[in-house]
Amino acid sequence: QVQLVESGGGLVQAGGSLRLSCAPSGTYGMGWFRQAPGKEREFVAAISRSGLTTRYADSVKGRFTISRDNAKNTMYLQMNSLKPEDTAVYYCAARRVQAMHTVVDIGNFYGYWGQGAQVTVSS
């Protein structure tokens, strides 16, 4: 059983930045998803086991960066130029995978989830 723990959420003004962390990242394929009030969960970003392949939702492309430090067993989501519409609970997710360079943007492929971190962006 993998227990993922997110940290780094908070309140920030529009245009500001936050960095989320998730541990442990282990040897899993990893991803970030978010859910805003009254909306369905949506994909944000994913990173392969190797860290060499990433994928982003169009809504965050160019503003968010997903990364991982395998030595520290931690994954990150650097969020810049935040907008009020980025307000949501952010969840990290992990999936068991043998392939080193594949990514998945569908939540059902992830077997492990963190408890969520609230990100609130004020206008």
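Name the single residue that is nearest to Ala23 (Cα to Cα) among those in segment 65-121 being over 14 Å from the mean Cα position of the chain (by Cα) and among the β-branched types (Val, Ile, Thr).
Top of the filtered list is Val97.
Being under 16 Å from Val12 (Cβ atoms) and in contact with a helix residue (DSSP H, G or I) (Cβ under 6 Å, 6 or more places away or on another chain) is true for just one of Val121, Val89. Which residue is that?
After ruling out the rest, the residue left standing is Val121.
In segment 45-96, what residues are open to solvent by 60 Å² or more (accessible area, probe 1.4 Å) and in contact with a His (Cβ under 9 Å, 6 or more places away or on another chain)?
Leu52
Residues that are hydroxyl-bearing (Ser, Thr, Tyr) and under 17 Å from Leu4 (Cβ atoms): list the strands (runs of 3 or more DSSP E) wholly contained in segment 17-123 that include at least 1 such residues.
Strands (runs of 3 or more DSSP E) meeting the threshold: 18-23, 64-69, 74-79, 88-95.
Within segment 1-44, track down each residue that is surrounded by fewer than 16 Cβ atoms within 10 Å (Cβ to Cβ) and among the charged types (D, E, K, R).
Arg19, Lys39, Glu40, Arg41, Glu42
The values are calculated or read from the model by the stated rules, or taken from the named source; none is laboratory data. If you're wondering where the values come from, they're calculated on a predicted model, not measured in any experiment. Positions of Cβ are generated from backbone atoms using ideal geometry, with glycine treated the same way; all protein chains shown enter the neighbour counts. For the accessible areas, the whole protein counts, side chains as well, though only heavy atoms, and no ligand, DNA or RNA atoms are used. Shrake-Rupley method; radii C 1.70, N 1.55, O 1.52, S 1.80 Å.
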